[in-house]
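Participant: Got a structure for you, written out below as structure tokens; questions coming shortly.
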Amino acid sequence: MSQSARCRSGPVSDAPASAVERWNRLSERYDAQHWLERASIRQLLDLLAPGSEDRMVDVGTGTGAVLRDLRARPVRPAELVGVDQSPRMLAQVPPLPAGWTLARGDARALPLPDAHCEVASVSYLLHLFEAADRGRVLAEVHRVLRPGGRVGVLTPYIPAGGWLAPLARAFSRLADGGSDHFIGLKALDPVPDLTAAGFAVRAVAANHRGYISVCVVGIKGS
Ligand SMILES: C[S@@+](CC[C@H](N)C(=O)[O-])C[C@H]1O[C@@H](n2cnc3c(N)ncnc32)[C@H](O)[C@@H]1O
């Protein structure tokens, strides 16, 4: 299916052009680092366990790392939309199962109606934003989830101790320097943001295979 046939467009005007351009520029080499994300994405999906009746949104879907793992699973949601602001990241997403679509749009203004989904994933996106925009993204996720719906947020993080802690801190500092090579490694504990957005935190799981990451699952109250 052509990219234009499988991708619709939501509001994108709020995204600074430079941010979209950066991800457009990174799109062709982005998949080279998928192996570093794979174990944590698997863990995120194991914890979220989307069922065949669920509607799901993958926010900041990029080149479809979450979709790739999910489509290989025997049980997967019948309906899924992957949202991203970068058309060139979306162009790298492999063919999708029937019922799954892509939408070009801003994570801070998701192109979905209220209470549309049971499950949302936010994989390696939230740490790219400053606090106010993290709040906007999670408010949008909260809006599009039904009561009782669940969100899984995956971010790089700094472990409390051990030999990985200084390494993660060093990566995070490099990310703060603005280099394209380390852009994805800024550390963030997503628990305070999830709580502030009204989610009850149900699971926190660290994963050190590949990127030093943490996965947090939140539930929208009824
Ligand atoms: C580090 S990549 C993560 C991609 C994918 N979720 C993964 O785990 O491989 C971040 C993605 O978020 C997208 N992104 C950044 N800011 C966004 C925004 N405001 N709205 C929608 N997507 C955004 C970028 O275009 C990029 O594709």
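Participant: Would you please name the residue that is most open to solvent (accessible area, probe 1.4 Å), looking only at residues in region 70-88 that are over 13 Å from the mean Cα position of the chain (by Cα) and within 14 Å of the ligand (Cβ to nearest atom)? Talk me through it step by step, then tell me what you get.
Facilitator: Here is the first cut: in region 70-88, the ones over 13 Å from the mean Cα position of the chain (by Cα) are 70-80, 86-88.
Checking the rest, the ones that are also within 14 Å of the ligand (Cβ to nearest atom) come to 70, 80, 86-88.
Details: Leu70: 1, Leu80: 5, Ser86: 0, Pro87: 50, Arg88: 110 Å².
Only one residue fits best here, namely Arg88.
Participant: So the check is Cβ under 8 Å with 6+ separation or different chains; which pairs have a first residue in region 209-222 that's of a type in the set (D, E, K, R) and a second one that's open to solvent by less than 20 Å² (accessible area, probe 1.4 Å)?
Facilitator: These pairs meet every condition: Arg209/Ala39; Arg209/Ser40; Lys220/Leu145; Lys220/Gly149; Lys220/Val151; Lys220/Phe199.
Participant: Output the number of residues of region 43-69 satisfying the condition of being out of contact with any His (no Cβ under 9 Å at 6 or more places or on another chain) and buried (at least 16 other Cβ atoms within 10 Å of the Cβ).
Facilitator: Initially, region 43-69 is screened for residues out of contact with any His (no Cβ under 9 Å at 6 or more places or on another chain), giving 43-54, 56, 58-62, 64, 66-67, 69.
Those still in the list that are buried (at least 16 other Cβ atoms within 10 Å of the Cβ) too: 43-45, 47-48, 50, 54, 56, 58-62, 64, 66-67, 69.
Residues meeting the conditions: 17.
Participant: Tell me, yes or no, whether region 117-131 has at least one residue that is more than 13 Å from the ligand (Cβ to nearest atom), touching a residue at least 12 places away in the same chain (Cβ under 8 Å), assigned to a loop (DSSP other than H, G, I, E, B) and surrounded by 15 or more Cβ atoms within 10 Å (Cβ to Cβ). Before the answer, list the steps.
Facilitator: As a first pass, look at region 117-131 and keep what is more than 13 Å from the ligand (Cβ to nearest atom): 117-119, 131.
Now drop any that are not touching a residue at least 12 places away in the same chain (Cβ under 8 Å), which leaves 117-119, 131.
Subsequent filtering for residues that are assigned to a loop (DSSP other than H, G, I, E, B) retains none.
Within region 117-131 (the criterion being more than 13 Å from the ligand (Cβ to nearest atom), touching a residue at least 12 places away in the same chain (Cβ under 8 Å), assigned to a loop (DSSP other than H, G, I, E, B) and surrounded by 15 or more Cβ atoms within 10 Å (Cβ to Cβ)), the answer is no, since none of the residues qualifies.
Participant: Give me the residue from region 30-69 that is among the charged types (D, E, K, R) and farther than 17 Å from Pro97 by Cα and, out of that set, nearest to the ligand (Cβ to nearest atom). First the steps, then the outcome.
Facilitator: Taking region 30-69 and keeping what is among the charged types (D, E, K, R), we get 31, 37-38, 42, 46, 53-55, 58, 68-69.
Of the ones still in play, those that are also farther than 17 Å from Pro97 by Cα are 31, 37-38, 42, 46.
On the way: Asp31: 9, Glu37: 5, Arg38: 10, Arg42: 12, Asp46: 15 Å.
Residue satisfying both the conditions and the ranking: Glu37.
Participant: Out of all the residues in region 151-167, is one or more touching a strand residue (DSSP E or B) at 6+ places or on another chain (Cβ under 9 Å) and among the small types (Gly, Ala, Ser)?
Facilitator: Yes: region 151-167 contains one or more residues that are touching a strand residue (DSSP E or B) at 6+ places or on another chain (Cβ under 9 Å) and among the small types (Gly, Ala, Ser).
Participant: Identify all residues within region 95-110 that are within 13 Å of the ligand (Cβ to nearest atom) and either out of contact with any Pro (no Cβ under 8 Å at 6 or more places or on another chain) or open to solvent by 30 Å² or more (accessible area, probe 1.4 Å) (or both); write none if there are none.
Facilitator: Leu102, Arg104, Ala107, Arg108, Ala109, Leu110
Participant: Next question. Quick one: would you say Gly148 is surrounded by fewer than 19 Cβ atoms within 10 Å (Cβ to Cβ) and part of a strand (DSSP E or B)? If you could, list the steps in order and put the result at the bottom.
Facilitator: Details: surrounded by fewer than 19 Cβ atoms within 10 Å (Cβ to Cβ): yes; part of a strand (DSSP E or B): yes.
Yes: the conditions hold for Gly148.
Participant: Now for a different question. Can you tell me which of (1) buried (at least 16 other Cβ atoms within 10 Å of the Cβ); (2) under 17 Å from the mean Cα position of the chain (by Cα); (3) outside any helix (DSSP H, G or I) is the one Ile158 doesn't meet?
Facilitator: Answer for Ile158: the failing condition is (2).
The values are calculated or read from the model by the stated rules, or taken from the named source; none is laboratory data. This is a predicted model, so every value here is computed, not measured. Neighbour counts run over all protein chains shown; Cβ positions are idealised from the backbone, glycine included. In case anyone asks, the SASA skips ligands and DNA or RNA and just uses the protein heavy atoms, side chains included. Shrake-Rupley method; radii C 1.70, N 1.55, O 1.52, S 1.80 Å.
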